[in-house]
Amino acid sequence: QVQVVESGGGLVQPGGSLRLSCAASGSIASNYAMGWYRQAPGKQRKLVAFIGSGDNTHYGDSVKGRFTISRDNVNNIVYLQMNNLKPEDTAVYYCNGVPPTLTPWGQGTQVTVSS
């Protein structure tokens, strides 16, 4: 079974940037949709970006224009470049397939945006 490990989170000031990485333990087909999800305290986990067949990308309205999702199919890594971060981006970020049935949820990586 594929497992994923998320990394790259941290504490950043508003307007700052971070790049998250999601490393998969097994091979994922290049056309398999992969997504980044986030869960803020007291809120449900939600999909914020995903990359699908042909590397087509889709973003939630709250991150459009600021976040970029990409993938390295050779090394089975999915990235999330996050720019112009805002306090409301504070959450634990997870990766999984879309829908999220590829793997059990990983531990995620905490992103905190605060001055």
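The values are calculated or read from the model by the stated rules, or taken from the named source; none is laboratory data. Just so it is clear, the structure is predicted and the values come from calculations on it, not from any experiment. Because the Cβ atoms are built from the backbone with ideal geometry, glycine has one as well, and the counts that use them run over all protein chains shown. Side chains are part of the model used for accessible areas, which takes the heavy atoms of the whole protein and leaves out ligands, DNA and RNA. Shrake-Rupley method; radii C 1.70, N 1.55, O 1.52, S 1.80 Å.
Annotations
- If the condition is being of a type in the set (Ser, Thr, Tyr) and either under 20 Å from Thr68 (Cβ atoms) or open to solvent by 20 Å² or more (accessible area, probe 1.4 Å) (or both), then the stretch 80-110 contributes Thr90, Tyr93, Tyr94, Thr101, Thr109.
- When each of Val63, Val2 is tested for being open to solvent by less than 60 Å² (accessible area, probe 1.4 Å), β-branched (Val, Ile, Thr), in contact with a Ser or Thr (Cβ under 7 Å, 6 or more places away or on another chain) and not in a strand (DSSP E or B), the lone residue that passes is Val2.
- Test: Ile69 is part of a loop (DSSP other than H, G, I, E, B), touching a Leu at 6+ places or on another chain (Cβ under 8 Å) and of a type outside the set (D, E, K, R): no
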